[in-house]
1. What does the highest-first list of 36-45, 6-15, 71-80 look like by mean Cβ count within 10 Å?
2. Give the long-range amide H neighbours of ALA24: residues separated by 5 or more places, or on another chain, with amide H under 5 Å away, using H modelled in the peptide plane at 1.01 Å from N.
3. Say each of ASP54 and ASP92 gets a label point 7 Å from the Cα, pointing the same way as Cα to Cβ; how far apart are those two points in nm?
4. Among residues other than HIS67 whose Cβ falls under 12 Å from its Cβ, what is the net charge (Lys/Arg +1, Asp/Glu -1)?
5. Just grab the label-to-label distance for SER114 and CYS28, each label 7 Å out from Cα along the Cβ direction, in nm (one decimal).
6. What chymotrypsin sites (Phe, Trp or Tyr not before Pro) does segment 53-113 have in DSSP loop regions with at most 13 other beta carbons within 10 Å?
Amino acid sequence: MNDIPNELVEDISSLEPQTVLLIAIDGCGGAGKSTYASKLALALGNSQVIHIDDFYKAFLAEMIVHHQGAIDMADLALQKSNRPELRTLANDIIATQTNEINQMKAWQQQWGYSVSSGSANSTGGEHMMH
């Protein structure tokens with residue numbers, strides 16, 4: 001995984017200049033992904049090349065915050081609404097999003113990432129509901 005194939009560099013370089021490129025490198029641990037990503041970024045010069053674990057870490061962390069925001073808004077809906085449909089939806093959102101947060105935190109731990117707090121301290125929902 002140390003050498004960058006010229007054909008790969010040529011294929012990527014031949015794309016339209018306005019094309020936004022984000023190239024993610026994945027593989028098993030110790031395979032040289034970080035080295036390969038660095039070399040490919042150097043060879044291309046105009047593309048962002050990342051180690052896919054960086055994406056996974058950011059994706060999980062941001063999705064936990066996003067889900068916590070949904071839970072916060074659903075809690076607010078339970079406090080403010082007396083419509084049974086909205087209360088049912090809010091309870092469903094809380095249950096589903098809580099389960100998904102727990103799953104994402106388990107993956108963070110299993111994959112050796114820092115485990116997110118799960119608290120977004122979101123105020124966006126409060127502003128929307130007032």
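1. The packing order, highest mean first, is 71-80, 36-45, 6-15.
2. ILE50
3. Between ASP54 and ASP92, the simple spin-label model gives 3.9 nm.
4. For residues surrounding HIS67, the net value is -2.
5. 3.0
6. Answer in residue order: TRP111.
Rule-based calculations on the coordinates, nothing more; no lab input. These figures come from a predicted structure and were not determined experimentally. A quick note on method: Cβ atoms are made from the backbone with ideal geometry, for glycine too, and the neighbour counts reach across all protein chains shown.
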